[in-house]
Structure formats: structure tokens, C-alpha cells
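The values are calculated or read from the model by the stated rules, or taken from the named source; none is laboratory data. Just so you know, these numbers come straight off a predicted model, no measurement behind them. Heads up, the Cβs are rebuilt from the backbone with ideal geometry, glycines too, and the neighbour counts pull from every protein chain shown. Ligands, DNA and RNA are stripped out before the accessible areas are found, and what is left, the full protein with its side chains, is counted by its heavy atoms. Shrake-Rupley method; radii C 1.70, N 1.55, O 1.52, S 1.80 Å.
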Amino acid sequence: MGNGVNVGAAYYVLRQHLLRTIDDVEDRSPGLARAVRQAPANPDVAMAPGSALAQSGVA
């Protein structure tokens with residue numbers, strides 16, 4: 001991987017940080033807090049064929 005960072009690792013670290021501070025996040029951005037709570041623990045789930053994100057054409 002060289003100097004790159006695995007996407008799954010970055011996703012995990014950011015999600016865990018936001019979950020740890022979710023009350024503060026919710027005070028500032030209720031929509032972000034809701035999205036973080038609903039996000040799967042593994043980003044591969046969101047990208048799986050048939051998922052809403054995959055079907056949206058964004059992925």
C-alpha cells in the first residue's frame with residue numbers, strides 16, 4: 001500500500017471517533033449524527049451489489 005491508507009481503516013477510525021462524540025455531533029448536526037448511527041460498521045456493506053448506495057449510481 002505504500003503511503004496510502006486503506007479506505008476501510010479510515011472509515012473505521014472516523015466512524016468510531018464520531019460515535020464516541022455522538023452527543024456533541026448531534027448538537028451541531030443532527031443529520032450527520034443520524035447518518036453515522038445508521039452507517040454499517042463495514043463500508044463493504046454499503047457498496048455491495050443491490051445496496052441503496054450502489055443502486056444510486058454514486059458508487
For the range 30-59, which positions are open to solvent by less than 50 Å² (accessible area, probe 1.4 Å), in contact with a helix residue (DSSP H, G or I) (Cβ under 9 Å, 6 or more places away or on another chain) and not β-branched (Val, Ile, Thr)?
33, 39, 40, 43, 46, 48, 51, 54
Mind checking which pairs have a first residue in the range 36-48 that is farther than 15 Å from residue 19 by Cβ and without any contact (Cβ under 8 Å) to a residue 24 or more places away in the chain and a second that is of a type in the set (A, V, I, L, M) and loosely packed, with under 13 Cβ neighbours inside 10 Å, Cβ under 7 Å, 6 or more apart or different chains?
47/59
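Listed here are the residues, each with its yes/no results for (1) β-branched (Val, Ile, Thr); (2) at pLDDT 80 or above.
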| residue | (1), (2) |
| --- | --- |
| 1 | no, no |
| 10 | no, yes |
| 16 | no, yes |
| 21 | yes, yes |
| 29 | no, yes |
| 48 | no, no |
| 58 | yes, no |
